[in-house]
1. What distance in nm lies between label points placed 7 Å from Cα along the C-beta direction at ASP75 and HIS168?
2. Can you list the HN-Hα couplings for the stretch 128-137, worked out from phi with the Karplus curve (6.51, -1.76, 1.60; θ = phi - 60°), rounded to whole Hz and with x for Gly and Pro?
3. Mind scanning LYS134/LYS158; LYS41/LYS184; LYS41/LYS158; LYS33/LYS184; LYS87/LYS132 and naming the pairs with a C-alpha gap bigger than 24 Å?
4. The chain: longest stretch without exposed trypsin sites (Lys or Arg not before Pro) (DSSP loop, at most 12 other Cβ within 10 Å), sites themselves excluded?
5. If you place +1 on the Cβ of every Lys and Arg and -1 on the Cβ of every Asp and Glu, how big does the dipole about the Cα centre of the stretch 59-193 come out, in debye to the nearest 20?
6. Keeping all protein chains in place, calculate the accessible area per residue for the stretch 1-114 (probe 1.4 angstrom), answer in Å².
7. Per residue of the stretch 139-147, in order, report the coupling 6.51 cos²θ - 1.76 cosθ + 1.60 (Karplus, θ = phi - 60°) as ³J(HN,Hα) in whole Hz, putting x for Gly and Pro.
8. I'd like the projected area of the stretch 1-62, averaged over all directions, using the convex hull of its alpha carbons. Report it in nm² with one decimal.
Amino acid sequence: DPGKPRIGRVCGLAWTSVGGEVMPIEALALDGKGEIKLTGKLGEVMRESAQIALSVVRARMRAYGVSPDFFEKHDLHVHVPEGAVPKDGPSAGVALACAMLSAAAGVPARADVAMTGELTLLGDVLPVGGVKEKLLAAYRMGVTQILLPRGNEADLEKIDEDIRARLHITLLDDVGQAIELALKQPRAMMEAV
């Protein structure tokens with residue numbers, strides 16, 4: 001059981017030296033003045049992904065009911081648990097953006113959805129590596145709703161059909177699709193969009 005939806009917690013899919021893994025990403029909004037703090041032994045590329053994700057969120061947050069001056073009054077702390085394990089690469093961009101927006105908007109993210117995808121500054125989702133290993137990790141963890149870059153569609157052919165049949169895979173072109181599927185949006189927020 002993947003657990004219950006929580007504000008600021010998103011399931012990313014990572015590829016590590018031991019194979020694929022479901023990697024939680026946590027974001028917390030704190031009183032402050034727009035700073036971002038990153039912890040969890042993140043490498044330089046992943047830190048850059050977090051900066052890109054932050055800009056993507058800032059560009060879109062009003063559509064999700066976040067006040068325009070939010071970052072004048074708040075900081076974001078982003079943490080990727082298992083702090084002793086080094087993590088790097090661009091493939092957590094989509095998950096980072098969803099976690100940050102969940103924290104900023106105060107909207108829980110679904111625990112039964114896992115995602116991977118590199119993010120561009122304009123919100124496009126780019127393909128990533130290690131897809132087979134990532135999907136098998138999600139399957140083993142019982143997470144069946146998967147958000148995957150459209151550019152990785154061909155990788156699905158490498159996965160056994162019986163496993164693929166049990167996964168609900170949504171192919172992403174834009175981070176907005178991931179946000180809509182990952183965040184449990186209250187009705188009022190949906191109507192405001």
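The values are calculated or read from the model by the stated rules, or taken from the named source; none is laboratory data. These numbers were taken from a predicted model, which means no experiment stands behind them. Note: ideal-geometry Cβ built from the backbone for every residue, glycine included; neighbour counts use all protein chains shown. Calculation scope for accessible area: heavy atoms of the full protein, side chains included, ligands and nucleic acids excluded. Shrake-Rupley method; radii C 1.70, N 1.55, O 1.52, S 1.80 Å.
1. My value for the distance between the label points is 3.8 nm.
2. 9, x, x, 4, 4, 5, 5, 5, 5, 5
3. LYS41/LYS184; LYS41/LYS158; LYS33/LYS184
4. Values: sites that count: LYS33, ARG166.
The longest uninterrupted stretch comes out as 34-165.
5. Rounded to the nearest 20 debye, it is 320 debye.
6. Working: 5280 Å² over 114 residues.
Result: 46 Å² of accessible area for each residue.
7. 4, 4, 7, x, 9, 10, 8, 10, 10
8. On the way: hull surface 23.6 nm².
Averaged projected hull area, Cα only: 5.9 nm².
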